[in-house]
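Beneath this line is the structure, given in structure tokens, with notes to follow.
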Amino acid sequence: MTMINTNLFESTETHKIVDKAGIFSVLEYEKDISVEQEKAQSAYFASQMNIRKRQVIANLQGNAVTIQSGTMQMMIGDVVASTNVNGVGDLMKKFVGSKVTGETAIKPKYTGKGLLVLEPTYKYIIMESLGDWNGKMVIEDGLFLACEGSVGMSVSMRNTLSSAALGGEGLFNTSLQGEGVVVLESPVPKEELIVVDLDDDVVKIDGSMAIAWSDTLQFTVERTTKTLIGSAASGEGLVNVYRGTGRVLIAPVAQNPFIRKPLSK
């Protein structure tokens with residue numbers, strides 16, 4: 001029987017565990033004391049604005065975890081890796097899926113008893129339980145980082161061609177289903193996300209700001225008013241519409257071209 005002793009889960013002068021869900025923990029570096037002298041000032045103020053390195057740690061203990069290709073940093077203990085490919089046919093299917101969703105085709109799976117530590121990232125770590133999504137959620141391209149082995153992945157197609165052509169979201173997206181925790185790399189922190197739970201209702205968004213939504217929702221692109229003239233007069237034009245019963249996660253301040261920058265003096 002092997003024993004693992006590590007300070008990964010201990011709070012130190014520089015890092016601490018800031019979030020936990022399922023088998024995952026998020027290690028955040030509150031300040032970077034390994035920077036070069038000329039970069040220390042910018043690193044300090046970046047940390048004050050919550051721009052920090054973060055790492056995801058998976059405590060396997062007999063469980064399995066699937067991660068984004070190329071994100072593994074360390075395997076501590078009796079941990080082994082395998083691919084999610086079952087033969088040539090399955091490889092071709094995953095390759096096609098990767099081309100239409102923007103995700104990598106090969107996503108390695110790690111099993112065993114030990115710790116899997118992922119590469120540091122400056123992006124924000126969002127952990128979602130599929131139990132809160134009735135077992136299925138759709139995510140924007142490039143957000144997937146990791147999930148528990150009980151979670152399956154597939155390609156989800158838009159309801160209509162118009163929603164793909166006009167909505168700025170693409171025709172295909174990655175769908176996650178099953179039971180367990182999903183880890184996403186978000187462009188904004190969880191505190192800035194707007195969560196909308198719909199009960200046979202609708203939310204209309206001026207732009208591609210939704211980063212995740214329930215598979216049960218119908219996505220369309222519609223005019224803000226009933227007429228083209230009215231839409232033009234309102235200055236809004238087309239909006240992305242999510243209709244039905246389910247949840248939408250919205251990142252309203254991430255790379256939003258409509259946000260006016262502060263005037264320089």
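Each value in this text was obtained by applying a stated rule to the coordinates, not by laboratory testing. Quantities reported herein were computed from a predicted structural model and do not represent experimental measurements.
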May I ask for the distance between the Cα centers of segment 210-224 and segment 14-69, given as a whole number of Å? 32 Å
Which listed pairs, of Lys113/Lys136; Lys20/Lys204; Lys53/Lys190; Lys107/Lys136; Lys20/Lys53, have C-alpha distances above 21 Å, in listed order: Lys113/Lys136; Lys20/Lys204
